Amino acid sequence: AEQTPEPQHIYVDDIKIGYFTACSVTPTCGLSTPDRLIGALDDVKAFTFPEHFDAGILWFTSGYVEYGLPNHLQAGQHLRELQISFEISSEYPGFNKDYPSDIHFSLNGIPLGIWVSPGDYGGRKGHISPAWWPESLNQYGLLKTLIINKDGTFMDGGQKLSEVTIGCLNIDYNSLLSFRIEVPEDTANCGGCTLFGEQFGDYNQAI
């Protein structure tokens with residue numbers, strides 16, 4: 001008798017840039033809603049203001065932000081692949097398209113790999129950034145997709161970041177998922193990180 005193949009399910013969520021659950025950042029840093037800056041530029045306390053949930057962009061020089069990822073698995077289901085997509089760049093005071101930054105990714109404390117962001121982009125407005133957004137600040141990033149499956153961890157499907165497979169993460173239907181984006185102070189290229197949400201940059205999407 002032929003075995004019935006296991007049905008495939010895909011779950012998709014939008015996680016807003018401001019929905020981080022933990023952070024520790026150093027200046028230059030800041031965050032903004034589509035309507036106004038939150039607190040003062042380069043004031044790390046702004047990341048603790050209640051309005052941070054409304055943020056559509058954030059940036060920092062070193063440190064991390066952490067997001068809780070929804071887990072829709074039900075008992076008996078197995079996670080085959082996890083894809084996390086975001087618009088991202090380095091962070092430079094002003095902008096500098098040749099400013100590499102080592103951006104480290106981890107899930108539940110397990111390092112997934114390092115991607116080197118080429119620079120911090122400006123010189124033109126982000127395609128969907130608010131009209132009032134100052135031209136001296138970060139304008140747009142690169143749309144990247146982190147993919148974890150049975151073959152390892154990849155950026156955009158081609159560039160292998162590590163041998164960490166989906167099995168290494170031991171995710172089941174009970175798992176809480178905590179995704180960290182980090183630029184350690186002691187990394188070779190400590191060039192910061194900017195995350196663009198659905199109303200900033202070039203791409204109309206959250207994480």
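The values are calculated or read from the model by the stated rules, or taken from the named source; none is laboratory data. This one's a predicted model, so the numbers in the text were calculated from it and none came from an experiment. Methodologically, a virtual Cβ is constructed for each residue, glycine included, from the backbone with ideal geometry; neighbour enumeration extends over all protein chains shown. Calculation scope for accessible area: heavy atoms of the full protein, side chains included, ligands and nucleic acids excluded. Shrake-Rupley method; radii C 1.70, N 1.55, O 1.52, S 1.80 Å.
Residues that are surrounded by 15 or more Cβ atoms within 10 Å (Cβ to Cβ) and at pLDDT 95 or above: find the strands (runs of 3 or more DSSP E) completely inside the stretch 55-169 holding 3 or more of those.
Fully inside the stretch 55-169 and qualifying: 57-60, 62-69, 82-89, 101-107, 110-117, 142-149, 152-155.
Every residue in the stretch 9-37 that is in contact (Cβ under 8 Å) with a residue 12 or more places away in the chain, assigned to a loop (DSSP other than H, G, I, E, B) and within 16 Å of the chain's Cα centre (by Cα), please.
Start the filter on the stretch 9-37 by keeping residues that are in contact (Cβ under 8 Å) with a residue 12 or more places away in the chain, which leaves 9, 11, 13-35.
From the residues that got through so far, the ones that are assigned to a loop (DSSP other than H, G, I, E, B) too are 9, 11, 13-19, 27-29, 33-35.
Once the filter is applied, which keeps residues that are in contact (Cβ under 8 Å) with a residue 12 or more places away in the chain, assigned to a loop (DSSP other than H, G, I, E, B) and within 16 Å of the chain's Cα centre (by Cα), the stretch 9-37 yields 13, 14, 15, 16, 17, 18, 19, 29.
Quick one: in the stretch 175-207, which of the residues that are open to solvent by 10 Å² or more (accessible area, probe 1.4 Å) and either among the hydrophobic types (A, V, I, L, M, F, W, C) or not in a loop (DSSP other than H, G, I, E, B) (or both) is farthest from residue 17 (Cα to Cα)? The qualifying residue farthest from residue 17 (Cα to Cα) is 188.
Scan the stretch 179-198 residue by residue and report those that are over 21 Å from residue 109 (Cα atoms) and either touching a helix residue (DSSP H, G or I) at 6+ places or on another chain (Cβ under 8 Å) or among the small types (Gly, Ala, Ser) (or both). 191, 197, listed by residue number.
Kindly provide the set of residues from the stretch 45-54 that are open to solvent by 60 Å² or more (accessible area, probe 1.4 Å) and either modelled with pLDDT under 95 or of a type outside the set (Ser, Thr, Tyr) (or both), ordered by number. Even if it seems obvious, please write down each step before you answer.
First pass over the stretch 45-54, keeping only residues open to solvent by 60 Å² or more (accessible area, probe 1.4 Å): 45, 48-51, 53-54.
Listed by number, the residues that qualify are 45, 49, 50, 51, 53, 54.
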